[in-house]
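Here's the structure, in structure tokens; my notes come after.
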Amino acid sequence: QVQLVESGGGLVQAGGPLRLSCAASGNTFSINTIDWYRQAPEKQREWVARLSDGGNTRYADSVKGRFTLSRDNSENTVYLQMDSLKPEDTAVYYCRVLALGRLFWGQGTQVTVSS
């Protein structure tokens, strides 16, 4: 099992930054990939970014150049640095990992960007 806890969400003005954290516990050694997703009200959940086991990163076009993934292996934590936030970035953000052949989700953290 892998447990995930997101944090760092909040209310921010457009143009501002936020840094989300995804802290993993349990069988963290088995984690292959880490993804961030988001879900805005009345919209489907959409993929935001991926950190692969080898350290490669990928981003959705909507956030490319504004969001940056990083990790602290000593803390089993992945960070999503979000800069130049826009009102359309408002959503609940979730991290998801692939481990032990299964997908594990966190509970989500709310990000609200005011215009």
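The values are calculated or read from the model by the stated rules, or taken from the named source; none is laboratory data. Computed from a prediction, not measured in an experiment: that's the story for all the values here. The protein model used for the area step is the full one, side chains on, heavy atoms only, and it has no ligands, DNA or RNA in it. Shrake-Rupley method; radii C 1.70, N 1.55, O 1.52, S 1.80 Å.
For the stretch 40-102, compute Rh as the Kirkwood radius over C-alpha pairs and then the Stokes-Einstein diffusion coefficient at 37 °C and 0.692 mPa s; write the answer in µm²/s, rounded to an integer. Display every interim value, and only then the final one.
Numbers: Rh = 13.1 Å.
My calculation gives 250 µm²/s for D.
Mind checking the full-extension length gain between residue 60 and residue 7? Use 0.36 nm per residue of separation minus the Cα-Cα distance, one decimal, nm.
Values: separation 53, 0.36 × 53 = 19.08 nm, distance 2.09 nm.
Result for the pair: 17.0 nm of gain on full extension.
With the cut-off at 16 Å, report for the stretch 19-68 the share of all Cα pairs above it, as a whole percent. Walk me through the intermediate numbers first.
Values: 609 of 1225 pairs.
Pairs farther apart than 16 Å: 50 percent.
So for 74, 115, 84, what's the accessible-area order with a 1.4 Å probe, most first?
Working: 74 95, 115 135, 84 65 Å².
Heavy-atom accessible area, descending, gives 115, 74, 84.
How big is D for the stretch 74-115, in µm² s⁻¹ as a whole number, if Stokes-Einstein is applied with the Kirkwood radius of its Cα pairs at 20 °C and 1.002 mPa s?
Values: Rh = 12.3 Å.
It diffuses with D of about 174 µm²/s by this estimate.
Find the Cα radius of gyration of the chain, compare it with 2.2 N^0.38 Å by division, and give the number to two decimals.
1.00
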